[in-house]
Each structure stands twice: as structure tokens, then as C-alpha cells.
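Since the structure comes first, as C-alpha cells, the remarks are kept for the end.
The values are calculated or read from the model by the stated rules, or taken from the named source; none is laboratory data. Being a predicted model, the structure only gives us computed values, none of them experimental. Here the Cβ is made from the backbone with ideal geometry for all residues, glycine too, and neighbour counts use every protein chain on show. For accessibility, only protein heavy atoms count, side chains too; no ligands or nucleic acids. Shrake-Rupley method; radii C 1.70, N 1.55, O 1.52, S 1.80 Å.
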Number of protein chains: 2
Amino acid sequence: MRSFNLFGRLSRAFQDYPSLSRIIVVSTISGGGLIAYAEANAYNGNRGHIAHADAMTSNGAHGIASSEAVPKKKKVVLLGTGWAGMSFLKNLNNPSYEVEVLSPRNFFVFTPLLPSVTCGKVEARSIVEPIRNIIRKKNVDISFSEAECVKIDPQNKKIYCRATVNSKLKGEEEFAVDYDYLIIAVGAQVNTFNTPGVEQNCHFLKEVEDAQKIRKNVIESFEKASLPNLSDEEREKILHFVIVGGGPTGVEFAAELYDFVNEDVVKLYPKVREFVKITLLEATDHILNMFDKRITNFAEGKFGRDGIDVKLGSMVTKINDNEISTKARGNGNTTNTPYGMVLWSTGIGPRPLIKEFMKQIGQGNRRALATDEWLRVEGFDTIYALGDCATINQRKVMEDISEIFKKADKDESGTLTVKEFQEIIDDICERYPQVELYLKSKQVRNIVDLLKEAKGDAAKESIELNIEEFKSALSQVDSQMKNLPATAQVANQQGAYLANCFNRMEECEKNPEGPARFRGTGRHRFHPFRYRHLGQFAPLGGEQTAAQLPGDWVSIGHSSQWLWYSVYASKQVSWRTRALVVSDWVRRFIFGRDTSGI
Amino acid sequence: MRSFNLFGRLSRAFQDYPSLSRIIVVSTISGGGLIAYAEANAYNGNRGHIAHADAMTSNGAHGIASSEAVPKKKKVVLLGTGWAGMSFLKNLNNPSYEVEVLSPRNFFVFTPLLPSVTCGKVEARSIVEPIRNIIRKKNVDISFSEAECVKIDPQNKKIYCRATVNSKLKGEEEFAVDYDYLIIAVGAQVNTFNTPGVEQNCHFLKEVEDAQKIRKNVIESFEKASLPNLSDEEREKILHFVIVGGGPTGVEFAAELYDFVNEDVVKLYPKVREFVKITLLEATDHILNMFDKRITNFAEGKFGRDGIDVKLGSMVTKINDNEISTKARGNGNTTNTPYGMVLWSTGIGPRPLIKEFMKQIGQGNRRALATDEWLRVEGFDTIYALGDCATINQRKVMEDISEIFKKADKDESGTLTVKEFQEIIDDICERYPQVELYLKSKQVRNIVDLLKEAKGDAAKESIELNIEEFKSALSQVDSQMKNLPATAQVANQQGAYLANCFNRMEECEKNPEGPARFRGTGRHRFHPFRYRHLGQFAPLGGEQTAAQLPGDWVSIGHSSQWLWYSVYASKQVSWRTRALVVSDWVRRFIFGRDTSGI
């Protein structure tokens, strides 16, 4: 590499100033990168002084060397290298930890581009980043092992792991790891809802290997259908692509497949073009039902015009190796349809490790690990869970209503004055975010107005509530509680949040910055995790995308597609994948998709 | 694609003028692209008027439409989409054929870059080109089926095929195809020389999937060795990479692996760097023994300095899943060495189809199909074989010596005069290329001098030879016969040669252009195939390459590396792969190799 110092220096410049990348790509690719900019700044408030601390420590000495001055590093074990884990690692800057990362995959996958991989719009390798690349740029002592955690022993603060690499080494493949803090970010797996035949006959789209398999299978379907010794009926069967589940993944795959057929198959497999059929099965009344109605309508209309057969209210009951059986929700009729390939994308369920751990800790009947608002697994101070394997079990106001009242009633008079209440409003709103949502939904300006309303328009400043009146005023508040969606955006924000907590753990032990404890004294160490929804895309094919942005702003069409390109380029975790993804897009525009069956 | 007409137009311009690509890339990447230019012109003499004929037919009508005027198209069946097959398809321009291509792979692989794929210098997808992309640009009626030929029936001019795509379709998977001309270009497979355990425990490097598997396995070895619960001994075993065979493939893989360890592993897996060991086993006295001695010496010296353990005179006798057993040729001692991964690259043997076919036609004890100098399988006028599955069975002068004498002796005097002989010299030299090689080796100016020498310096123009004297003059000539090497270069030139024959079949039936028939009357239709060696590269790692060019010109070092880049970029079969390969090289300079285990 001696001769290429210029390249080396350039690359180091890109790697050292990741913010540079955001700015350049956003301004180069599109002028519409508003969201990208917004999210890039999401945690900047915190990042500011982290970067400063970082600079200070790295002036001294690096990694292990610098730690020798500190008595003993706390050991953090991180399970998983998905969005949550990657985001935690990227944002962790405090060198007083020793971090051990364990995952069966030694890379991070940019999952929102998985559907693009299925038909060759983007290459699989362009959306993965080796986790060791991320680690080695940090001044924190981080190590990685390609292994899967098979059991968690919270009593002894120990986990048991199994190596997943299938090298030929004989002997001990299992090992135990101790931890001071355990961070569980292993993600989820596909949920088949125990439908017979799904495991054996369907494709999924969770991992990068899934996307590669689908791509190979799509190409093979066209090759198979082009063989000389087939009847038209057989060709129709082979080229019948069925997608189960009208969520963003299913819809995007349908759109990718349609584009592939329309842009490339017509040229390369012209004789079988006419036999292609795409069917989208959705159990509810609409596809994309988590989106705004305008988007749903547009998507259904576009798919109708494209000839994609959208079957709403259609439940899959069984799949054998030739036919897929569906039951119409309306009349209960069962239909059997021959198919060539099925993609199953209906939802997620817990992985075996999480199922087992939930049983162990008495959460056996849940669908994901329950955590508190600080992402700690309920009942365990040193175990955190985030991303798709966990849900935040937001506390209900009504559960704590007596404690809140007691805390607010400083003079212990048995009634709350407005003044007393105002002193504690901020803490309530921070601890129970549903309060704010409820006020918004009722279009009430602030909580005092709500109390006044409960009292029935009494004199302005002089209202006083007893505990029963207080309860009745807030009785409907908890109806606004919602679980966060299982998206990359949530996992990403949770990882950054948690890293920030770890970065400032010592500082916040001394000067807690969270809301007051209603069931104890003092304050919580940290602000609770709060999700900032930055919008969501649904690519619909033909260079058109639907975007639902914060504040109910909906945009559909070619301009959103450019916004999509811009955001997805800017959100890449490294300059390397950014360059690869953008060049893949350009390559596809110029040369079309690669249809080699590898 | 509506919005991207500019891209479309640009891309079409590139596709329509492939020569443009050569010129631009060669001049952009390096000034040293002499060879690239030379080979690009290799068949230009013939191509000139092909291009002209092409333009004429495509002015009229395209593909099938234009064929309706012609009575019936001859059906050409081509087996294989490797170098020979691809080159045939690219150069075929006569629309009077109907071509059916059959291959288990729907893509062409640029095999010289396979070793680059093993450690991530180049991506697998960058070196493959869908065969349908090549086909659709032709004005010849060509179809492709992803199927493998399992039996050839030359009596009935029929072959039997089996579909290789593993789609779920039930029923008839086999089908028969009739042919007028059959072109066999199926390549060869790895030869294990029946060494026990090779099939089960070794990697090969023939297909693009092999390279992908090796890459995954290399990464997994480093991940495995990084696990916490291992002894140093175990780490050493896992990271012991053994390469069997010191030919260009084995040497290039060793060099790639060394570069990978040196440039990327040190950064990403610093703790296990010290355990890496690379061993190269070669049964003969030197590695790269088909190259000039200067290259062999340089390579052995460089590998020695790099710490690659080159074991010469070392035969592999057995491989089990833990150890590789070798026997030293000198003392016959057997050594067992633990290993992590073995690459077996010792040579090639025939595929089952070829073995079976050779048995059928009485060539059962050969290692490849024997063809005549026009690439026709011996004894079959309508079956051609080229590339690695065939060897040209060059006729010996001594076999035909009486016929040559008879033909030359026009006045049937029983003796040959110089004048008589001179009339037939060109035909002899064309038909028996060994004559020219022999003259060169004896440093004799021309064949007449050879005859004079046999006669013992007789008077200048008046020599006359009888048959015995003629025989003795030419008795040593056949010693110069050599089989062509099984390289991409040979296959590529053979494919182009054969396409050219097919392009001008009708024309040459009427006006044969080949040498005179010694065992018959008239002339052969075509010139026999003649290989033009354009040089060979052996990349040795560290941005150094050895190049052996025609005329015994040897170049070793960084400049040859740039020549290598330039030639390999210019030799890509499409603008698409050219762009991908070049961008892969650039990416590696900037970002290093991708170590994701996918």
C-alpha cells in the first residue's frame, strides 16, 4: 500500500469526520434531505461534549493503554450487531468500559435496503458493514466474538455462548462470559403464526442471506420458465409470485419485482414476460395500514394499474409445495392457488433465547422483553434490552396516581392547589409521556386546564382537587399509551440513547437529570427514552415513493423517491457502504440489473 | 426508466461501440496497455468485413424476421458459457444460424480474476456477465436454456439435457435437442488424482461459487481464531492455510491471502495476526514452472521474504479433516501437519459428460477430447470441441510424409526438385506448424536450407531428393509439437476462430482458403486454428506482478502490476463488468477489503 498514500489519507479523512459525509452526500444527491439533516442532529445535544471528552482522552493514550490508570473497567456485554447494537457502539465514547460484543454475524446490515437486494437494485455487500470496522475507530476497549448467546444467567451475571462459525476445529465450542452490564439487542425473527407449511415453503426477508436467496430464486424462476419443454400452464405456475403480508416489506418487494419484470425481464426473457403474475395477500382491509389513508389509497391504485393482484381480507391457512390455500374473510371460502414462489412477511416474534429468558424471569406470556423507560429489563438493574426484542412497558399514570398525589401535595393538606401542581407538572409529563399526547388529542393547552375542566370551570387560580377529583381528571390519560413500532428508527435511537447514558453514567450518578421519583426520593439518573418519529417511506416502484413525515405531511411520487435516495444514502453507517450503495443505484440506471444466478 | 434517457443513451453508446471502451480504459488506467491493444486487434483482420456484413443485414430486418426470407436456418447447439462459448457468441455475426446455448450457469465468469475474489479484492458479481446480456445485443437468433447436457448422440444428431434450476416444478425435467452443428465448450473440472480426502476436505477454485466459499471460509477462520476460549495451538491450526499446487492459481491465491493478512487482518484482527501461517506445497522442483526461470526465482524469493512457507518436491498423499499428509520426494519421509483450510489447485481433468462421450467414440483413454486443427472432434464433421475440454491432435509430418511427397512431386519423377518443393512450402507450413517451430529451433532460415543440409551441401538450385532423403530431412520436425495450455487465452481465441469460420462458412465452401489437402484433392475450407500467445501474468502480491510477454520479454514489479490492471480491465466482456471491476479496485485502495462473513 506504500504507493497509495493519497488514497489512504483521503479515506482516513472520510472516516474521521463522519459528519462531512452527511453534508456532502445530502447536498450532492438531492436538495430535499431535510429528514436526513434532522436525524443527523437528533443526538447532537449530547454528542457535542462527548466529542470533546473523546478528544481529551485520545490526546493521552489509546484503548487499553489509557485504561491502566483507571482502577478496573466495568465490563459491558452487548448481544447483537443490528441497528440497536451498532448504534450503541457508534455512540459509546467513554473509555472507562470494557465492551465485549457477541453476535452470530460479524457485520451490520442496513435492513431498509433489504428489499432492494432481492431483485438486484442494490448488491448485498453494499448494505453490510463489518462490525470490526466500526469498532476499530473507537477509543473504547471493544472486542468482538462471532458467537451466539444461548443462555442468560442473571443471578451470576454470566451468559453462555456457542461459536457459530463452522470451521473444523474439534473440542469445546461453548464458553461463558461474565458481565457487569448486559445489553440485549438480538432482534426478532419471522412470525409464521404456526401456519402449516410456511417454514418449509416460504422465503422470509429478515437477513441479508434471505435477500440473496430470494434474488437467486427469482432469477431461477425466469430461467426455469424459459426451458423449452414446458406447457403455458407450468410457466404460469413457476412465474406466480405470491407475497403474504401487505406491510412495508411486502409492498416494497412487490414493487421491486414489478420494476424488475418491467425494466429487465422484458429485455432478457421476452418470451415469458406474459406469464408473470404478482399476487399480494393481506389479511386486513388495506395494505400499508400503518400509513396515512392517502398513501394506502395511492398504493392500492398504483398496484391495480400495474396489474399486481392485491387480495384484501385474505388469510393464508396452509401452504404445501405446490399450492397456497387462502380463506376469504368475507364469505369464508377457501381457495387453492398454484404458486412458484412465496415471500412471507407478516410480522415478527421473539427469538428462542428471548423466549427462554422471558420464561426464566416470569415474562413467559409476552411477545417481547418488557423494559422500563430507561430500557432496563423489568426487575434487573444491570440488564438492558432494546430494538425489536424488547418493548418499553410504559408505566400507567393510574397505577402511580396516589404516589403522584402524595408527592405533589407538599403541605400534606389532602388537596392539591394549582401552585403545588405546577411545581411537579414537568416531572409528570416527562415520566408519563401519554399525558402530553392526551392533552394534544383533547386539544387542551396544558394540564392545569384539564384539572379545571374536571372541577367544572371553577374560579381561576383557586381550584383545589382532592385525590378522587385528581384521579377522575387523569382517568382517560392512559388510553393514549402506544407501543413503539419494531422499526430500525426506534432501535437506532434506543442504541444512541443508551450509549449516551453509559457515556455519562458517573456524571449522572452525582447529578441526576431525570424526573423526580414518585415512588421514592430524589430524581432518576437519566431522562427516560423518548422516541422522535422522523417519518417513514414506502417505495411503490416506478421511481415513486410514498413518504409520511412528521406533522401528517404526506408526499407521494418522484420527488419523494429522490428524498428516499437522499435519506438512505445519508443514513449509511460508513462512507464505504454509502459509496457502494450510491454506485449501485447509478449502475442500475446505466446497465440495468444483474441477472446472473449466483 | 423514463426519466433517465440520458443514462440510457450513454449506456447504449458504450454497448454499441465496444472498441470505444478499450481505448478509453486503456488510456485512462495506464499507459502500458500494449498487450491489451494487441489482443484487441487479434482477429480484426476477419472482423473488418464481418462488421460490414453485419451492418448490411441489420439494415434490412432483425433476428427472426430477416430469417424468413432464407429457406431454413442451420441449428447450432453450443454447450457451455465459459471463455470459449462466450467468445464464440460474441464473434458470431452470421444471421443464417439458429443458435441454442445450453449451460448450467446463466452467466460468463471472468476466471482470471477468481483469485482476486477469494479475499475480497474484487466482488464476485463484478466478474460475471449474464449470458442473456451478451445474446440480446446480437442480430443472430440465439436462445439460452439453463440446463446441463447429460448425453450426446452423434448418430441421431441429438443431445439430452437436464434442467439444473432447482425450482419446485414437478414432472419432466429432461429434454432432447436436435442439432446440425454441435459445439462442445463445457470446460474441465478439478483433478484430485484420486488423492484420498481431497473431495471432502479441500476447497477448489474453478467456479465463482468456489471463490465465494473460500472468501467466507477465510473470514470465518479469522473469526474462529478470535474466539476467547482457544489455546494458541488451536489458533495456529485454524490459521494454517495450505495451498496445494504451485501453478498460477495457487501462487496468486497465496499472494492474495498474504496481502489480505498484511493490509487488513493486522487492523481488524490484530490479536491473531501472529498465528497466521501460509504454506505452499509443490510436487516439482519449482513453483510457476511454466514461466521463465527469472520469474520463478523472483517469486520464490519474494515468498521467502514474506514468510510464505514454500515446500518444493512435496507430494500430498492423504488429507483427513484435521491433517494433511505429505511425502518429500527426496527422502520419501511422510509428514502430517494440522491445517485450517486447504486450497487444491493442481490441474484439471475431464467432466463426466466428456469422459462418457470419449468412451462412446473410442477416445476412452484420453484426458481431453481430441480434435483436428479446425477444432472438429476427430471423426465427426459437425461436432466441434474447444477450450479446456479439448486438445488439438496436431497431425505429425511423418504420418503424412508419403502423401506430402506424392503431392509435391508433380511430374511424378520419384524425386523432388527445389522448385517443386517451393510451390508447396506454404501449405506444409500452414498445415504443420511444427515445421516452422523446428526451423526456428535449428536457426535455419527456411525449409529449402533444411533439405540442402540433408543432402550435404550440394549444388545450389539443383538438389533433388528421393522419398527416403525427404523423410530423413524432416524426421526430427515432429519433436517440436506441443499441446496448447488450458488457459482462458486459448479458449478465447478458439471461440473467436470458430465463430469466424461459421460466419464465413458458405463463402469458404465456394472459395476454400485453407492449405492444400495432402490426402485428397483441393484445399481445406479454412485456415487451421493457430494460437497466438500474448503473454501471461503471475500476480505475486504487494502490488507486484510478474509478466512474461511474447519474445521472452520478462517484466517484474510495480509497473507490471499496472499493466495487469490495464489488461484485465480492457479484457472485460462488457462495460458493466469493466466499471464494476475498476470501481472494486478503487474501493479496495480507499476502504480496504470487506470482511463481512456473507
Looking only at the range A:204-239, how many residues end up being touching a residue at least 40 places away in the same chain (Cβ under 8 Å), outside any helix (DSSP H, G or I) and at the interface with chain B (Cβ under 8 Å from one of its Cβ atoms)? 1
Is at least one residue of the range B:510-522 in contact with a helix residue (DSSP H, G or I) (Cβ under 7 Å, 6 or more places away or on another chain), within 10 Å of another protein chain (Cβ to nearest Cβ) and not in a loop (DSSP other than H, G, I, E, B)? no
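Taking the options A:Ile348, A:Ile383, A:Ile404, A:Ile361, name whichever one is surrounded by fewer than 18 Cβ atoms within 10 Å (Cβ to Cβ), aliphatic (A, V, I, L, M) and more than 23 Å from A:Thr249 (Cβ to Cβ).
It is A:Ile361.
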Among the residues of the range A:323-342, is any buried (at least 16 other Cβ atoms within 10 Å of the Cβ), under 27 Å from the mean Cα position of the chain (by Cα), closer than 18 Å to A:Asn191 by Cβ and more than 14 Å from chain B (Cβ to nearest Cβ)? no
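Go through the range A:273-288 and give me each residue that's touching a His at 6+ places or on another chain (Cβ under 9 Å), outside any loop (DSSP other than H, G, I, E, B) and hydrophobic (A, V, I, L, M, F, W, C).
The first filter runs over the range A:273-288 and keeps only residues touching a His at 6+ places or on another chain (Cβ under 9 Å), leaving A:275-279.
Keeping just the survivors that are outside any loop (DSSP other than H, G, I, E, B) gives A:275, A:277-279.
Listed by number, the residues that qualify are A:Phe275, A:Ile278.
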The residue from B:Arg587, B:Arg576 that alone is touching a residue at least 60 places away in the same chain (Cβ under 8 Å) and not assigned by the TED database to the domain that holds B:Gly304 is B:Arg576
Give all pairs with beta carbons closer than 7 Å in which a residue from the range B:288-307 that is touching a residue at least 12 places away in the same chain (Cβ under 8 Å) meets a residue that is among the β-branched types (Val, Ile, Thr) and open to solvent by less than 20 Å² (accessible area, probe 1.4 Å); count only pairs at least 6 apart in sequence or on separate chains. B:Leu288/B:Val251; B:Leu288/B:Ile295; B:Leu288/B:Thr296; B:Asn289/B:Thr296; B:Ala299/B:Val251; B:Ala299/B:Ile287; B:Glu300/B:Ile287
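Could you tell me whether B:Lys419 is at negative phi and under 31 Å from the mean Cα position of the chain (by Cα)? First the steps, then the outcome.
Values: at negative phi: yes; under 31 Å from the mean Cα position of the chain (by Cα): no.
When the stated conditions are applied, B:Lys419 does not pass them.
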Determine if the range B:500-517 includes at least one residue that is under 19 Å from B:Cys119 (Cβ atoms), crowded, with 19+ Cβ neighbours inside 10 Å and at pLDDT 90 or above. no
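Across the range B:242-261, which residue is surrounded by the most Cβ atoms within 10 Å (Cβ to Cβ) among those that are within 17 Å of B:Thr595 (Cα to Cα) and more than 10 Å from every other protein chain (Cβ to nearest Cβ)? Don't jump to the end; show me each part of the working.
Looking only at the range B:242-261, we keep the residues that are within 17 Å of B:Thr595 (Cα to Cα), and these are B:253, B:256-261.
Next, only the ones that are more than 10 Å from every other protein chain (Cβ to nearest Cβ) stay: B:253, B:256-258, B:260-261.
Working: B:Phe253: 27, B:Glu256: 23, B:Leu257: 24, B:Tyr258: 22, B:Phe260: 24, B:Val261: 23.
Among them, the one singled out is B:Phe253.
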Identify, please: which residue in the range A:273-287 is in contact (Cβ under 8 Å) with a residue 40 or more places away in the chain and surrounded by fewer than 22 Cβ atoms within 10 Å (Cβ to Cβ) and is, among those, nearest to the other protein chains (Cβ to nearest Cβ)? A:Phe275
Under 6 Å between Cβ atoms, at least 6 apart or on separate chains: pull out the pairs that start in the range B:418-443 with a residue that is in a helix (DSSP H, G or I) and end on any residue that is among the small types (Gly, Ala, Ser). B:Glu420/B:Ala408; B:Phe421/B:Ala408; B:Ile424/B:Ala408; B:Asp427/B:Ala516
Need at least 3 residues that are at pLDDT 95 or above and either within 14 Å of chain B (Cβ to nearest Cβ) or open to solvent by less than 40 Å² (accessible area, probe 1.4 Å) (or both) per element, so show me which helices (runs of 4 or more DSSP H) inside the range A:52-157 make the cut, counting only ones lying wholly within it. A:83-91, A:114-118
Take B:Pro154 and decide whether it is free of Cβ contacts under 8 Å to residues at least 60 places away in the same chain and either within 20 Å of the chain's Cα centre (by Cα) or over 30 Å from B:Val342 (Cβ atoms) (or both). no
Could you tell me whether the range A:178-192 includes any residue that is surrounded by fewer than 24 Cβ atoms within 10 Å (Cβ to Cβ), at pLDDT below 95, within 12 Å of another protein chain (Cβ to nearest Cβ) and in a loop (DSSP other than H, G, I, E, B)? no
Regarding the range B:307-320, can at least one residue be identified that is modelled with pLDDT of 95 or more and within 12 Å of chain A (Cβ to nearest Cβ)? yes
